[in-house]
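Read the figures in this text as sums done on the coordinates, not as results from a lab. Remember, it's a predicted structure, so these values are computed and weren't measured experimentally. Cβ: placed from backbone, ideal geometry, glycine included. Neighbour counts: every protein chain shown.
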């Protein structure tokens, strides 16, 4: 009797595509949850609300976030293009709770209506990058005003984020790592300029033609012993500082190894790398 094993192998293109989409979906979901949690914390910490009002607003915010997540899972995920104005409007909707329930003043400069439509991958990534960047600013705790601007030059989506905080933000800050990795994955550029006492500016360029999908993950025996150690901790969900502490190396050395892993495996993000390594 002959048995045919129809289980796809790790090198199956269909399996790899499913893993890539799963990693991107998880990243998007994580970003939305982070914004929702920040909004709930802002409500519960507000000194302008009594306990009953805070509870009611927290329930409203949580319910609204659930509806948005369900709608987002049904819409646009399979769309080929998103109008740039519509993509920006979704970003505003994602970030409004931080302004409504917190002390942050968000100012949005809308893109021109004639701008080129965005490929869905670029639109999703752009919103995630801005959300991550704003959350990094919120974590710093010194900014009270954030200005967000989108523009399109026909070839690239241009994003500008400016705050009025202490002016200590750096492109090397761990809080900006998810945004920076997403930008690199799309062959884009991210620059941070800060002036002490005047705030920080984050300038991002995302090509409107996303890069092709990477080839399957190669044999891990091609990696160095240290790279395999770092990969194991990345798969476990450890952040750079945790990896550095565990292995007794510096944060910069960890970033170097992670960069090499992404390059060697042709993965776009840590999430994709971890998913394929599993």
Extension gain, residue 253 back to residue 145 (0.36 nm per residue minus Cα-Cα distance, nm) = 35.5 nm
task = Mind jotting down a quarter of the surface of the convex hull over the alpha carbons of the range 220-277, in square nanometres, one decimal?
result = 3.4
ask   = When ranked by the protection proxy of mean other Cβ atoms within 10 Å per residue, highest first, what sequence do the peptides 178-189, 235-246, 196-207 form?
value = 178-189, 196-207, 235-246
inquiry  = Order 130-137, 53-60, 154-161 from most to least packed using the mean count of other Cβ atoms within 10 Å.
reply    = 130-137, 154-161, 53-60
Simple label model, 7 Å out from Cα along Cβ direction - residue 191 to residue 56, nm = 5.0
key: Residue order, fewest to most surrounding Cβ atoms within 10 angstrom, among 192, 35   = 192, 35
inquiry  = As an exercise, use a Förster radius of 51 Å and the Cβ-Cβ distance of residue 209 and residue 245 to find the FRET efficiency, rounded to the nearest 0.05.
reply    = 0.80
Approximate spin-label separation residue 34-residue 48, in nm, with each point projected 7 Å along Cα-to-Cβ = 2.6
message = Only counting other Cβ atoms within 10 Å, I'd like 105, 47, 94 sorted with the fewest neighbours first.
response = 47, 105, 94
